[in-house]
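Visitor: Before I ask anything, here is the structure I am working with.
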Amino acid sequence: MTQDEWDAYIAEAAKLLGLALTDEMRAATRANLETAERMAKLVLDYPLDDHAEIAPVFLA
């Protein structure tokens, strides 16, 4: 997402939640969302073999 798209998202989310955010809070929120987006991209872009075995589930 672009910076403007994140800003619009943050503004709408804050409105829905009834939060009053300062400019500093908006900038920190945008930074956290951009970091989360980069981390998600790493996971989503990781190539997986179509025939890979799923991880086992251990129950106690």
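The numbers here are math on the coordinates, done by the rules we state, and not lab data. Note that the structure is predicted; figures quoted are calculated from it, not measured. Ideal geometry is used to build each Cβ from the backbone, glycine not excepted, and the neighbour counts take in all protein chains shown.
Visitor: How large, in Å, is the chain by the Kirkwood hydrodynamic radius built from its alpha-carbon pairs?
Guide: About 14.4 Å for the chain.
Visitor: With a cut-off of at most 16 other beta carbons within 10 Å, and DSSP calling the residue loop, which trypsin sites (Lys or Arg not before Pro) in segment 20-51 qualify? Please list them.
Guide: Hits after loop and neighbour filter: nothing returned.
Visitor: With r as the distance between the Cβ atoms of Glu12 and His51 and R0 = 25 Å, compute the FRET efficiency 1/(1 + (r/R0)^6) and round to 0.05.
Guide: So, using R0 = 25 Å, E works out to roughly 0.05.
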